[in-house]
1. Kindly provide the set of residues from segment 59-76 that are outside any loop (DSSP other than H, G, I, E, B) and touching a His at 6+ places or on another chain (Cβ under 9 Å), ordered by number.
2. Does residue 76 satisfy the criteria of being touching a residue at least 60 places away in the same chain (Cβ under 8 Å), of a type outside the set (S, T, N, Q) and surrounded by 16 or more Cβ atoms within 10 Å (Cβ to Cβ)?
3. Being in contact (Cβ under 8 Å) with a residue 12 or more places away in the chain and either surrounded by fewer than 13 Cβ atoms within 10 Å (Cβ to Cβ) or not aromatic (Phe, Trp, Tyr) (or both) is the filter; apply it to segment 1-29 and report the residue that is farthest from residue 140 (Cα to Cα).
4. Looking at (1) outside any strand (DSSP E or B); (2) among the acidic types (Asp, Glu); (3) over 24 Å from residue 15 (Cβ atoms); (4) free of Cβ contacts under 8 Å to residues at least 24 places away in the same chain, can you tell me which one residue 132 breaks?
5. Could you check how many residues of segment 108-117 are without any contact (Cβ under 8 Å) to a residue 60 or more places away in the chain and within 12 Å of residue 62 (Cβ to Cβ)?
6. What tally of residues in segment 89-108 results from selecting those that are surrounded by 15 or more Cβ atoms within 10 Å (Cβ to Cβ) and either in contact with a Phe, Trp or Tyr (Cβ under 7 Å, 6 or more places away or on another chain) or part of a strand (DSSP E or B) (or both)?
7. Given 39, 7, which one is hydroxyl-bearing (Ser, Thr, Tyr) and in contact with a helix residue (DSSP H, G or I) (Cβ under 7 Å, 6 or more places away or on another chain)?
8. For segment 117-132, how many residues meet the condition of being surrounded by 14 or more Cβ atoms within 10 Å (Cβ to Cβ) and polar (S, T, N, Q)?
Amino acid sequence: MALQDITPINDQLADIIVRASDPWIESEQGKAWIKVLWTGPESGRWAALFRWKKGYVAAPHKHLAAAHTYILKGKLQVREGTLEAGDYDYEPNGVLHDATTALEDTEYLFICDGPIVFYNKDGLISYSGWEEMQRMKEASAKNQ
């Protein structure tokens, strides 16, 4: 019996490759950078590498979808704990964070299933999701 035809119907399917040499996007002058790896408009998911200098503090935030964090190097203070190189953290939908602080120069892989909202005592201050990541990546590519 012949194998069924498994060729893709969508001829636009292709791997997404982000090279190590691709530039980091500065998100906080001299303190934080991001390398957007992938954005998924069909699912709302996105993946990125983050690079934070020691002392950088990310505002308190709430996950509106689950997220996965893997620390490549350095240390992050997250809630009452510390994540170190080699540590993995799963954060379910709805998790609230106080500020997150880089205790050392830190790089981490972040895979998020949806958006995150950042807040302060006065309310919401920013929103981050796949669309913002894609816009950031496209703006950076134009400036290269």
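1. 61, 62, 63
2. no
3. 16
4. Answer for residue 132: the failing condition is (3).
5. Of the residues in segment 108-117, 2 are without any contact (Cβ under 8 Å) to a residue 60 or more places away in the chain and within 12 Å of residue 62 (Cβ to Cβ).
6. 9
7. 39
8. Number satisfying all stated conditions: 1.
The values are calculated or read from the model by the stated rules, or taken from the named source; none is laboratory data. Being a predicted model, the structure only gives us computed values, none of them experimental. Cβ sites come from the backbone with ideal geometry, for glycine too, and all protein chains shown count toward neighbours.
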